[in-house]
Amino acid sequence: MIHRSASTRLLFLTFAFMVSFAVHVKGQSNDTCSNVVPDLLTLGTPLIWTGDNSNATSTGDATVGPIGLYPNVWHAFTTTACADITIDYCGSPSVFEFWNVLTLTCPATNQLVVTQLSDNTTCGDGNPTMVFNNVAAGTYYYPVYMDPVEAFGPYVINVNAVAC
């Protein structure tokens, strides 16, 4: 049995709290697109992203356009074939506002806008669905918009690809 003095225990607990606090303050690893590791998006195999954008910032997000003006967290995927890609927030705990773009670079300077109208009825829970048609093989970044009123907290994003 190990016996520690009260001051040793207090020092240990203080250190543990500081480490825990430092990890919490650091934020999410996907707060900037440069920290995101792209997932492989395979035709016919759904990709599911979960997260929480509560601590999102706008630092390093974009050099042009409105994306850089608002806080975002990021996800990315790589596809190896031309694909029609559907992105939806079906199953998210609250209804999300969203960016209808994929970015080809990080920070976002080159944006691919949704090529089919998005809607808020397909999910059945008020969350958005958007489709990007004829997306060439490559790596794409997706910003998850944070608005403290309309797009805040835990989310579920489903990404599906079918051949062009």
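The values are calculated or read from the model by the stated rules, or taken from the named source; none is laboratory data. Quick caveat, the model's predicted, so the values are computed rather than measured. Neighbour counts are summed over all protein chains in view; Cβ atoms, including those assigned to glycine, are modelled from backbone coordinates with ideal geometry. All accessible areas refer to the heavy atoms of the entire protein, side chains included, with ligands and DNA or RNA removed. Shrake-Rupley method; radii C 1.70, N 1.55, O 1.52, S 1.80 Å.
When the stretch 126-153 is limited to residues that are open to solvent by less than 10 Å² (accessible area, probe 1.4 Å) and part of a strand (DSSP E or B), the one that is nearest to ILE85 (Cα to Cα) turns out to be PHE132. Across the stretch 39-63, the number of residues qualifying as under 14 Å from TYR140 (Cβ atoms) and open to solvent by less than 50 Å² (accessible area, probe 1.4 Å) comes to 3. When THR122 is tested against (1) closer than 23 Å to SER29 by Cβ; (2) open to solvent by 30 Å² or more (accessible area, probe 1.4 Å); (3) of a type in the set (S, T, N, Q), exactly one condition is not met: (1). Checking VAL95 against (1) part of a strand (DSSP E or B); (2) over 14 Å from the mean Cα position of the chain (by Cα); (3) without any contact (Cβ under 8 Å) to a residue 60 or more places away in the chain, only one condition comes out false. Which one? So the condition that VAL95 fails would be (1). Filtering the stretch 64-80 to residues that are open to solvent by 10 Å² or more (accessible area, probe 1.4 Å), in contact with a Pro (Cβ under 8 Å, 6 or more places away or on another chain) and at pLDDT 80 or above leaves only THR78.
Counting residues in the stretch 110-118 that are surrounded by fewer than 21 Cβ atoms within 10 Å (Cβ to Cβ), touching a Ser or Thr at 6+ places or on another chain (Cβ under 8 Å), closer than 20 Å to ALA161 by Cα and free of Cβ contacts under 8 Å to residues at least 24 places away in the same chain gives one or more.
Is it the case, given these coordinates, that VAL156 is touching a Gly at 6+ places or on another chain (Cβ under 7 Å) and assigned to a strand (DSSP E or B)? Yes; evaluated as a whole, the condition is true for this residue.
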